[in-house]
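A short write-up of the structure that comes next.
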There are 2 protein chains.
Amino acid sequence: MAPQDDQPIDAAIDSEAQRKPISTIVIFIAMHTEALPLVNRFQLKEEHDSLFPKGVPWVRYHGIYKDLHIYIVQPGKDPALGVDSVGTVSASLVTYATIQALKPDLIINAGTAGGFKAKGAGIGDVFLASEVAFHDRRIPIPVFDLYGVGLRQAFSASNILKELNLKLGKLSTGDSLDMSPQDEASITANDATVKDMEGAAVAYVAELLKVPAIFLKAVTDIVDGDKPTAEEFLQNLAAVTAALDETVAKTIDFISGKCLLEL
Amino acid sequence: MAPQDDQPIDAAIDSEAQRKPISTIVIFIAMHTEALPLVNRFQLKEEHDSLFPKGVPWVRYHGIYKDLHIYIVQPGKDPALGVDSVGTVSASLVTYATIQALKPDLIINAGTAGGFKAKGAGIGDVFLASEVAFHDRRIPIPVFDLYGVGLRQAFSASNILKELNLKLGKLSTGDSLDMSPQDEASITANDATVKDMEGAAVAYVAELLKVPAIFLKAVTDIVDGDKPTAEEFLQNLAAVTAALDETVAKTIDFISGKCLLEL
């Protein structure tokens with residue numbers, strides 16, 4: 001069997017779909033603070049219909065901008081604890097339910113991330129991910145080990161990269177905000193420049209359901225720096241979210257009127 | 001806000017539902033080897049309809065046994081790599097899609113697990129989980145830390161515990177087969193006797209969609225022993241799966257003709 005990175009998701013999407021104008025975009029954002037500027041900028045309205053099952057905290061905003069239906073979906077607040085439902089389990093569920101309900105042409109996973117200065121990341125940089133993988137699923141049995149890493153190519157958006165002058169880097173995903181020595185070894189093996197808590201799960205579901213996905217990650221904290229991650233993350237969250245908002249808005253403008261092949 | 005363990009799932013299920021005879025049971029099993037003896041025993045047939053979306057590898061078996069509709073669902077083989085799609089992301093997706101499609105009265109997550117001899121576990125023991133939590137979601141920000149741990153009570157099945165003479169223990173879930181020092185510290189904090197790769201994700205989705213869930217975990221390897229986990233796991237998988245099969249079969253027999261309140 002071929003390893004998954006031999007078959008980028010681009011190849012799984014039929015060429016007809018790649019040539020028709022993009023009309024529906026889903027932007028998956030894990031934290032409300034990250035989503036709010038975009039909701040306001042595109043004047044999206046929250047939808048409360050029965051598209052998602054009763055009882056889930058998932059939040060969906062919708063609006064029309066130029067020729068595009070734009071949806072922003074968030075996993076929402078944990079019903080018992082009231083914090084954003086970050087991480088891979090919620091991200092995969094929301095991505096799955098959203099694709100089933102909305103059949104988008106493209107998914108954008110936008111969010112904040114930790115960056116490695118040794119790989120060229122600085123606070124406020126916005127990266128487009130070339131590929132995504134997990135760094136906290138260690139299964140030391142042949143083939144299961146590759147399954148655990150779950151390496152996937154992001155949809156190749158070379159024109160977005162060039163037009164918006166973004167940095168390109170590999171993204172590594174895990175459910176912890178901190179980084180254990182084992183995580184670090186896996187992140188190094190993944191050759192990652194940025195580290196988040198959702199990307200590889202979104203990529204997994206997008207590939208399963210054959211929807212192209214791109215990943216825009218803005219650096220809130222330097223993982224290989226000298227400041228504690230949680231502190232640096234909270235300190236930079238608002239400012240970096242503004243940089244992310246700018247980039248996503250420009251990406252949407254660039255996508256308008258184009259087909260997948262032109263991204 | 002109250003921590004989640006203050007509100008066991010039993011309380012979220014209305015009392016009328018708890019008094020009506022159980023008619024539909026979903027057994028979620030991560031690995032094909034674990035599922036096969038039960039599929040044969042209950043003479044379940046694989047269903048190939050459109051209940052799950054096109055392209056997903058998920059497998060569903062169905063049959064009628066006494067007064068019960070029994071479904072066994074598995075995440076199936078990874079399309080690119082051909083190994084069972086173990087872990088929390090697949091488990092959460094399959095549990096979600098299955099609940100949406102089948103509206104079961106009860107979910108049983110049955111599978112193999114690592115056990116801690118210091119907490120009384122031996123090879124081949126089958127545990128009923130009293131509660132489940134994650135051990136690889138470290139988010140050192142107040143309240144987010146509790147969200148990461150994701151402690152949940154299993155549905156209390158004290159009569160099953162007594163009747164089948166099972167051992168009771170806490171279950172801790174993570175996406176790695178091995179155990180890093182950080183995982184170990186979290187497992188200790190979770191006071192866990194058994195360690196698996198799906199339970200807490202199944203519990204999360206079951207609670208979200210208000211379906212009671214119980215967890216039957218058979219010990220294939222001793223985590224705090226002297227044998228390498230992967231080797232011990234593969235060595236004991238077939239024999240321990242037989243013990244698990246026996247226990248699930250007795251559980252189904254016990255459930256037949258009863259309501260949730262009687263479990």
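Taken together, the values in this text are just the output of simple stated rules run on the coordinates, not laboratory data. The model shown is predicted, which means the values in this text are computed figures rather than measured ones. Note that we place each Cβ from the backbone using ideal geometry, even for glycine, and neighbour counts take in every protein chain shown.
Inter-copy label distances at B:Gly257, shortest first and taken from points set 7 Å along Cα to Cβ: 7.3 nm.
Each helix, a run of at least 4 DSSP H residues, gives -39500 (n - 2.57); summed and divided by the residues of chain A, these come to -10500 deg cm²/dmol at 222 nm.
Here the Karplus relation 6.51 cos²θ - 1.76 cosθ + 1.60, evaluated at θ = phi - 60°, turns the backbone of segment A:72-77 into coupling constants of 10, 10, 10, x, x, 7 Hz, with x for every Gly and Pro. The alpha carbons of chain B occupy a box of 46, 44, 39 Å along the principal axes, longest dimension given first. Distances between copies at B:Ala189, taken between label points 7 Å from Cα along the C-beta direction, are 2.5 nm in increasing order. In summary, the helical segments of chain A meeting the span-like criteria, namely a full DSSP H run, a Cα extent along the axis of 15 angstrom or more and a mean Kyte-Doolittle hydropathy of at least 1.0, are A:88-102. Residues B:Thr173, B:Thr193, B:Thr33 in ascending order of nearby Cβ atoms (within 10 Å, fewest first): B:Thr33, B:Thr193, B:Thr173.
Look at the stretch A:111-120: the mean tally of other chain Cβ atoms within 10 Å of its residues' Cβ atoms is 0. Put simply, the amide H of A:His69, placed in the peptide plane, has neighbours under 5 Å in A:Thr24, A:Ile25, leaving out anything fewer than 5 places away on its chain. Over all pairs of different C-alpha atoms in the protein assembly as shown, the reciprocal of the mean inverse distance, the Kirkwood hydrodynamic radius, equals 23.3 Å. Just check segment B:16-98 against the gyration tensor rule for me: Cα atoms, a ≥ b ≥ c as the square roots of the eigenvalues, rounded for a/c under 1.5, and otherwise prolate or oblate depending on whether a/b exceeds b/c. Because a/c hits 1.5 or more and a/b exceeds b/c, segment B:16-98 counts as prolate.
For A:Ile64 and B:Asp191, a Förster radius of 60 Å and the Cβ-Cβ distance give a FRET efficiency of 0.70, rounded to the nearest 0.05.
Taking a straight line from the alpha carbon of B:Lys119, these lysines sit under 28 Å away, with near neighbours fewer than eight places off in the same chain left out: B:Lys162, B:Lys167, B:Lys170, B:Lys195, B:Lys217, B:Lys227, B:Lys250. Look at where the Cα atoms of segment B:133-153 and of segment A:159-214 average out, and the two centres are 22 Å apart. For segment B:46-150, trypsin sites (Lys or Arg not before Pro) meeting the loop criterion (DSSP other than H, G, I, E, B) and having at most 11 other Cβ atoms within 10 Å: B:Lys54, B:Lys66. The charge dipole of segment B:14-258, taken about the Cα centre with unit charges on the Cβ atoms of Lys, Arg (+1) and Asp, Glu (-1), comes to about 700 debye, rounded to the nearest 20. Computed on segment B:14-258, with alpha-carbon pairs under 8 angstrom and 6+ residues apart, the relative contact order is 26 percent.
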